[in-house]
Amino acid sequence: MKEGIHPKYHEVVFQDSSTGTQFITRSTIRTERTCEVNGKKYPLVMVDISSASHPFYTGKQKYVDAAGRVEKFTRKYNWGGQKDAEKADGDKAQG
């Protein structure tokens, strides 16, 4: 490989911010934060979601107000709205 053009590939600790679970893996990511695991110092990267907190892996569902989102979407684009139905009734009355 050509010298000086590739990023440094090193061991890094990824920590799930919601569960505190730590994973040691290798990455090219750079960070100023560090932590100590088993007496060795590693760069630390905080993540919001990992396999320790993701609903697919944990089996715990987090409910989201999907109905509210759907209603907001249909109001925004007026899909199935009253105005379309009233317009169609008006066209039938005229024709």
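Since TYR57 meets every condition but one in (1) within 19 Å of the chain's Cα centre (by Cα); (2) in a loop (DSSP other than H, G, I, E, B), which condition does it not meet?
Every listed condition holds for TYR57 apart from (2).
Considering only region 69-92, I want to know if a residue exists there that is surrounded by 10 or more Cβ atoms within 10 Å (Cβ to Cβ), in contact with a strand residue (DSSP E or B) (Cβ under 6 Å, 6 or more places away or on another chain), modelled with pLDDT under 95 and not in a loop (DSSP other than H, G, I, E, B).
no
Out of the residues in region 1-39 that are open to solvent by less than 80 Å² (accessible area, probe 1.4 Å) and acidic (Asp, Glu), state the one that is farthest from the chain's Cα centre (by Cα).
The residue in question is GLU11.
The values are calculated or read from the model by the stated rules, or taken from the named source; none is laboratory data. Please read all numbers here as calculations on a predicted model, not as lab measurements. Ideal geometry is used to build each Cβ from the backbone, glycine not excepted, and the neighbour counts take in all protein chains shown. The area values use the complete protein model at the heavy-atom level, side chains included, leaving out ligands, DNA and RNA. Shrake-Rupley method; radii C 1.70, N 1.55, O 1.52, S 1.80 Å.
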